[in-house]
């Protein structure tokens, strides 16, 4: 028997368990009721917002050249002089501008002016017309906003993926913009980041679907207006639902408390019966489990558990715990042995990875005193160690050797083969001036001792720094991508030779490329175009070129980082299938061209 102190302790624990259950049930009830009520209110608000959006569309469409105005505001936002406070009857500049415009162009009304008529004006008059029209539409938006009690009414120009929005105009009512002051109203030209919910709502607005978006204590509504030069014009409005939501929460809380109170009374009646049948023996099992967790003394715990005489499910649980304790003792001994071996292997693999990476150039810029070129490279093994490698080194003062290679297979065997192959290729390159001869010599050396029948693909080029002449040879490797100055990256195809290590009599051919100042050469392994996402889709050569051309005018390091970000965004959570190795060199010109 348990003493009274332990009885009260167990009873308190049981009461707490029941109380937690009631709280969970109450919270679920509260949340579901609150969700249904808030959804109903938001649906009603969406209907009202749709009517307001139609009113804004009518106001904008009163201007015959509305598309011309939007385009002008977008292109000249930094040059516009807007009187944002005219809505409070304190503006004086806009009427003066309108009067001046009318005196200079009698009969030409800003509201009814066509694009052709506006295009015939000089830039100064076009700017005045755009500023006056902006202020007038701003006044009209403010009137609509106050008439319908909208907290924030605005029009934005944006485009997919809707990750930012360009504010074309904004209502100007002090204190009405999400609780901010007048000075914090977004002016023309400001770009504002929006959350994922707002991005989806904008995209849906263009498709004329559900337009609501959560924004903290606010709800945003978006409605499609027009498309100007490929950019979507979207009407937006914001409502502060905090007061309504507080009332909803209060009513929901009262109803939930009444339901939970009734359940609590019924639960208390069951406490004592549950304790007598379950808690007492279960508590004993629990205490022994805790003792085992703390002391790992399985003999004492098993002896204590055998003293429990329950014949129900608790007795079965006692027997299961005894068997589990015995099995755990066996497992712990095995795990300790396995963990020690795993730690040793991980340490050795980590050391191998550091050794492997140290064999490739890792300091950039590698030749700070050379201004004929800029180069950057990176490698990311699919496992702890990999078979890809890159290399670049000066054969002499005027010749830079570039190497990009991919060893068959992955893991430790590929890494070992890679390190030996890299040494053979570099030694051959220091003795010969022809890429084809270098690959031929390297192939002969590797085939002599290739008992495992491994092979590698290699692209090797020698760049003459003074002239930009690049002589290269390809042993079954991916075609490089070349960007001419001021153009885009394109794949440069050449005749392939057979892979290195395939057979001793393989023949390789040189080919030439003439690099001019500003040209860039991008080398890579097949892990880049064959990067695969969760849907088993590959990035492909086209996807790789798109990624390269996003930053093609940038420094080689920026280009590689951009490609890596594109691959990460494409692959997402999918496992990396192959090593990812890249190198980019920009030819700046020989010393004579720089002078």
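The values are calculated or read from the model by the stated rules, or taken from the named source; none is laboratory data. Since we're looking at a predicted model, the values are computed, not measured. A quick note on method: Cβ atoms are made from the backbone with ideal geometry, for glycine too, and the neighbour counts reach across all protein chains shown.
A few points about this structure:
One line per residue, one yes/no per condition, for (1) modelled with pLDDT of 70 or more; (2) surrounded by 10 or more Cβ atoms within 10 Å (Cβ to Cβ); (3) not assigned by TED's automatic domain parsing to the domain that holds residue 415:
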| position | (1), (2), (3) |
| --- | --- |
| 280 | no, yes, yes |
| 288 | yes, yes, yes |
| 300 | yes, yes, yes |
| 309 | no, no, yes |
| 314 | no, yes, yes |
| 324 | yes, yes, yes |
| 344 | no, yes, yes |
| 348 | no, yes, yes |
| 353 | no, yes, yes |
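- Residue check: residue 370 meets all listed conditions (1) assigned to a loop (DSSP other than H, G, I, E, B); (2) within 32 Å of the chain's Cα centre (by Cα) but one, namely (2).
- Test: residue in segment 426-435 that is modelled with pLDDT of 95 or more and in a helix (DSSP H, G or I): yes
- Of the residues 518, 543, 527, the single one that is closer than 25 Å to residue 474 by Cβ, in contact with a helix residue (DSSP H, G or I) (Cβ under 8 Å, 6 or more places away or on another chain) and in the same structural domain as residue 479 (by TED's automatic domain parsing) is 543.
- If you check 511, 587 for being over 17 Å from residue 486 (Cβ atoms), at pLDDT 95 or above and assigned by TED's automatic domain parsing to the domain that holds residue 437, only one passes: 511.
- Being crowded, with 22+ Cβ neighbours inside 10 Å, in contact with a strand residue (DSSP E or B) (Cβ under 8 Å, 6 or more places away or on another chain) and closer than 20 Å to residue 461 by Cα is not true of residue 394.
- Residue list for segment 60-70, restricted to those being surrounded by fewer than 18 Cβ atoms within 10 Å (Cβ to Cβ) and within 39 Å of the chain's Cα centre (by Cα): 61, 67
- Inside segment 441-458, residues that are part of a helix (DSSP H, G or I) and either crowded, with 24+ Cβ neighbours inside 10 Å or in contact with a strand residue (DSSP E or B) (Cβ under 9 Å, 6 or more places away or on another chain) (or both) make up a count of 4.
- Looking across segment 479-491, the residues that are modelled with pLDDT of 95 or more and closer than 19 Å to residue 461 by Cβ come down to 479, 480, 481, 482, 483, 484, 489, 490, 491.
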